[in-house]
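J.: Here you go, one structure.
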Amino acid sequence: MMIILKHIRDLESHLSSHRKRGKKIGFVPTMGALHEGHMSLIRKSREEADLTVCSIFVNPTQFNDPADYDKYPITLGQDIRMLEQEGCDVLFLPARAEIYPSGTNDLKSYDLGFLEKVYEGKFRPGHFQGVCQVVDILVSAVNPDLLYLGQKDYQQCMVIDRMLAITGRNEIELQLCPTLREPNGLAMSSRNRRLNEEERQRVAAIQRGLLRIKHQIEPGDTTSLVNEIANDLRQQGFRIDYFEVADAKTLAPIGEWNGKTDLVALAAVFLGEVRLIDNLVIPGSSS
Ligand code: AMP
């Protein structure tokens, strides 16, 4: 039986009794509208931890676009059923005032350095500050041993790793989980619910573009290949925030590749009003 808790104090007292008995706590933070990608994180936590906590909270401070926040899908009844079926132990379902009792105006800020200047950081100003604010609060409440994150949000994993270091929580083990995809290759995302069937087929082109980079990239200049594929996507009607290759460890953009370092190909693409992100890691010869 899954327990649903709405208040931090109830969550803390529930979890502390398990912790005292030496139970390892796994935590999967989400914004709901759950799909198989989320479930894969729950499953991994169920395998590795003694107790699995999932949170559902659509965090207003990480939406730089108010229309995106307003249209974010909410499917709570179905989410609860899926979590129960998967054997999740605790669902933390806070209201906005529980997370931000003094409002959202004077929240903490985090020194994310370069990570905030590129890709999602550059195109979604304030987004990663919002992510850090909410994950900091959620992680304080849950105090997990293991934290499960999806590689689909590649840069977000790096940002959360940094936030944990800044806040002195290095003992929490980050578990990065592979991106689950639809049969046509499209990365599963809550935002896919905003696409119709024809659009879902079209946006699979994003992953095909990333795969083309992975298969065709060679040491030396990377920009002409990447630009060619980005232009193909534009011709298919996509608007592109970024479509680039970067160093997989630092996210520094790579225009000339030595063939050795691991790369990550990163994409953020709009179809109509819906913005989708995806990425693929491309191992270098030294890994
Ligand atoms: P969200 O609800 O979008 O904030 O995502 C919650 C967690 O699920 C994050 O760690 C995401 O990276 C992860 N996630 C989202 N989509 C996928 C996917 N397709 N495969 C694996 N993990 C995912």
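J.: Name the residues in the stretch 29-64 that are away from the ligand (no atom under 12 Å from the Cβ) and touching a residue at least 12 places away in the same chain (Cβ under 8 Å), would you? Before you say what the answer is, go through the steps one by one.
T.: Initial filter on the stretch 29-64 (away from the ligand (no atom under 12 Å from the Cβ)): 46-53, 60-61, 64.
Matches in the stretch 29-64: Arg46, Glu48, Ala49, Asp50, Leu51, Thr52, Val53, Pro60, Thr61, Asn64.
J.: Working only within the stretch 48-91, note down all residues that are buried (at least 18 other Cβ atoms within 10 Å of the Cβ) and assigned to a loop (DSSP other than H, G, I, E, B).
T.: Hits for the stretch 48-91 are Ala49, Phe57, Asn59, Phe63, Tyr72, Cys88, Asp89.
J.: Return the pairs, sorted by first residue and then second, in which the second residue is not in a helix (DSSP H, G or I), the first residue lies in the stretch 101-122 and is buried (at least 18 other Cβ atoms within 10 Å of the Cβ), the beta carbons are less than 6 Å apart, and the residues are 6+ apart or on different chains.
T.: Val118/Leu251; Tyr119/Tyr242; Tyr119/Leu266
J.: For Asp145, indicate whether it is buried (at least 17 other Cβ atoms within 10 Å of the Cβ), within 15 Å of the ligand (Cβ to nearest atom) and among the charged types (D, E, K, R).
T.: Details: buried (at least 17 other Cβ atoms within 10 Å of the Cβ): yes; within 15 Å of the ligand (Cβ to nearest atom): no; among the charged types (D, E, K, R): yes.
When the stated conditions are applied, Asp145 does not pass them.
J.: So, of the residues in the stretch 1-27 that are within 25 Å of the chain's Cα centre (by Cα) and within 15 Å of Arg81 (Cα to Cα), which turns out to be farthest from the ligand (Cβ to nearest atom)?
T.: Filtering the stretch 1-27 for residues that are within 25 Å of the chain's Cα centre (by Cα) and within 15 Å of Arg81 (Cα to Cα), the one farthest from the ligand (Cβ to nearest atom) comes out as Ile3.
J.: Here's another thing I want to ask about it. Going residue by residue through the stretch 28-35, is there one that turns out to be open to solvent by 60 Å² or more (accessible area, probe 1.4 Å), of a type in the set (Val, Ile, Thr) and within 19 Å of the chain's Cα centre (by Cα)? It would help to see each step written out before you state the result.
T.: To start, the set of residues in the stretch 28-35 that are open to solvent by 60 Å² or more (accessible area, probe 1.4 Å) comprises none.
Within the stretch 28-35 (the criterion being open to solvent by 60 Å² or more (accessible area, probe 1.4 Å), of a type in the set (Val, Ile, Thr) and within 19 Å of the chain's Cα centre (by Cα)), the answer is no, since none of the residues qualifies.
J.: Something else: Using beta carbons and a limit of 7 Å, which pairs, at least six apart or on different chains, have the first residue in the stretch 151-163 and of a type outside the set (A, V, I, L, M) and open to solvent by 40 Å² or more (accessible area, probe 1.4 Å) and the second one within 12 Å of the ligand (Cβ to nearest atom) and part of a helix (DSSP H, G or I)?
T.: Final answer for the pair search is Gln151/Cys157; Gln156/Val131.
The values are calculated or read from the model by the stated rules, or taken from the named source; none is laboratory data. As the structure is a computational prediction, the values presented were derived from the model and not from experiment. All Cβ positions, glycine included, derive from the backbone under ideal geometry; neighbour counts span all protein chains shown. What goes into the accessible areas is simple: the full protein's heavy atoms, side chains included, and nothing from ligands, DNA or RNA. Shrake-Rupley method; radii C 1.70, N 1.55, O 1.52, S 1.80 Å.
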